[in-house]
Amino acid sequence: MEGVSYQRFPKIKIREVKDDYAKFELRETDASMANALRRVMIAEVPTVAIDLVEIEVNSSVLNDEFIAHRLGLIPLTSERAMAMRFSRDCDACDGDGQCEFCSVEFHLRAKCMTDETLDVTSKDLISSDHTVVPVDFSDSSGYDSADKKGIIIVKLRRGQELRLRAIARKGIGKDHAKWSPAATVTFMYEPEIHINEDLMESLTLEEKTSWVESSPTKVFDIDASSQQVVVADAEAYTYDDEVLKKAEAMGKPGLVEIYAKEDSFIFTVESTGAIKASQLVLNAIDVLKQKLDAVRLSEDTVEADDQFGELGAHMRGG
């Protein structure tokens, strides 16, 4: 209908935030926007990862390609990735991808001089930029300090040596998984659960217990004092319909009604450590805004072509 606006104003409510984990609610929008945000977080938020490896010496048991692949998958701190240039667009180095504006250089030199096996890890990578270094997991790990050595690249025995130079560049997960900042991003519809109290009162305590236990997850519980069935954790419901099937088997259809709120979503975000989970969400929103602006611009261009015909295309150089 003419004059009707379908504009919506999504709202976000933060539930829990850690460096590598975030949980929040996204409300007053639809599944298309929620899924767009999820996909952007996984595949289109830029990070920095090793993209070129020049191996000088490698006498380890792993071949050059194996080591280069392992280096590429080491997460690097990427707080300044949004401000960096893509190597293909960098005019400072003519797209060579080896200048300070679009890349970071790493060096690794390791040689085993004893009979004890030498672990070569991500902490042995020396960066030319102190803001882009291998992610340190030691603060959040629950292991002993002896195990806080970084990500193992290769193991060396006496006389074996590894020397290399590596170039890290900006990229997105859509091009290669090594650039994805997200370990996992999921969302679920927020469930709305209504218990029919009248039907529930007609059940014995044993029947209530049997019905509550039919749920694979701890969604319902029985109050110890009133012996009433209550919703213990609505978000634990996985839309498996087991409690609905159990109610029908007991001859009590309609014992509970469960709906998915179509405009309310619960997001869980886990970061690889390249950027903080909270920054991952903010960067994803910025990228999504840029993509929507590009769509709006293209629509304006089409309207101009319709209005001015070949003149409009000629003025743009088309």
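The values are calculated or read from the model by the stated rules, or taken from the named source; none is laboratory data. Just so you know, these numbers come straight off a predicted model, no measurement behind them. No Cβ is skipped: glycine too gets one built from the backbone with ideal geometry, and neighbour counts run over all protein chains shown. Ligands, DNA and RNA are stripped out before the accessible areas are found, and what is left, the full protein with its side chains, is counted by its heavy atoms. Shrake-Rupley method; radii C 1.70, N 1.55, O 1.52, S 1.80 Å.
If you go through the range 185-216 and keep only what is acidic (Asp, Glu) and over 29 Å from the mean Cα position of the chain (by Cα), you end up with GLU197, ASP198, GLU201, GLU206, GLU207, GLU213.
Matching residues to (1) assigned to a helix (DSSP H, G or I); (2) surrounded by fewer than 14 Cβ atoms within 10 Å (Cβ to Cβ):
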position: MET33; (1), (2): yes, no
position: ARG38; (1), (2): yes, no
position: VAL45; (1), (2): no, no
position: ALA49; (1), (2): no, no
position: GLU54; (1), (2): no, yes
position: ILE74; (1), (2): no, no
position: ASP91; (1), (2): no, yes
position: ASP96; (1), (2): no, yes
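Within the range 181-204, the set of residues being over 30 Å from ALA22 (Cβ atoms) and open to solvent by less than 20 Å² (accessible area, probe 1.4 Å) comprises MET200, LEU203. Of all residues in the range 184-217, those that are out of contact with any Gly (no Cβ under 8 Å at 6 or more places or on another chain) and either without any contact (Cβ under 8 Å) to a residue 12 or more places away in the chain or closer than 20 Å to ALA249 by Cα (or both) total 23. Starting from the range 10-24, keep only residues that are over 13 Å from ALA183 (Cβ atoms), then list their pairs with residues that are of a type in the set (S, T, N, Q) and assigned to a strand (DSSP E or B) whose Cβ atoms are within a distance under 6 Å, requiring at least 6 positions of separation or different chains. Filtered contacts from the range 10-24: LYS23/THR268. Selection within the range 77-89: residues that are open to solvent by 30 Å² or more (accessible area, probe 1.4 Å) and assigned to a helix (DSSP H, G or I). The member of this set that is nearest to GLU44 (Cα to Cα) is MET82.
Filtering ARG88, ARG27, ARG8, ARG70 for residues that are more than 27 Å from VAL135 (Cβ to Cβ) and more than 20 Å from the chain's Cα centre (by Cα) leaves a single hit, ARG8. Restricting attention to the range 56-72, which residues are exposed (fewer than 14 other Cβ atoms within 10 Å of the Cβ) and either β-branched (Val, Ile, Thr) or assigned to a loop (DSSP other than H, G, I, E, B) (or both)? Selection gives VAL57, SER59, VAL61, ASN63. With the condition kept exactly as written, say whether any residue in the range 238-250 is assigned to a helix (DSSP H, G or I), within 24 Å of THR29 (Cβ to Cβ) and at pLDDT 90 or above. No, there is no match, as no residue in the range 238-250 is assigned to a helix (DSSP H, G or I), within 24 Å of THR29 (Cβ to Cβ) and at pLDDT 90 or above. From the list LYS149, LYS155, LYS174, the one residue that fits, being over 29 Å from VAL281 (Cβ atoms), assigned to a loop (DSSP other than H, G, I, E, B) and among the basic types (Lys, Arg), is LYS149. Here is a check on your reading of the model: is LYS155 at pLDDT below 95 and assigned by TED's automatic domain parsing to the domain that holds CYS112? No, not satisfied. For the range 102-127, name all the residues that are open to solvent by 90 Å² or more (accessible area, probe 1.4 Å) and either part of a loop (DSSP other than H, G, I, E, B) or of a type in the set (A, V, I, L, M) (or both). Passing the criteria: MET113, ASP115, GLU116, ILE126. Please state which one of GLU79, GLU28 is in contact with a Pro (Cβ under 6 Å, 6 or more places away or on another chain) and touching a residue at least 60 places away in the same chain (Cβ under 8 Å). Every option except GLU28 fails the conditions. Considering the range 258-292, and only residues there that are assigned to a loop (DSSP other than H, G, I, E, B) and open to solvent by less than 40 Å² (accessible area, probe 1.4 Å), the residue that is farthest from LEU73 (Cα to Cα) turns out to be ILE275.
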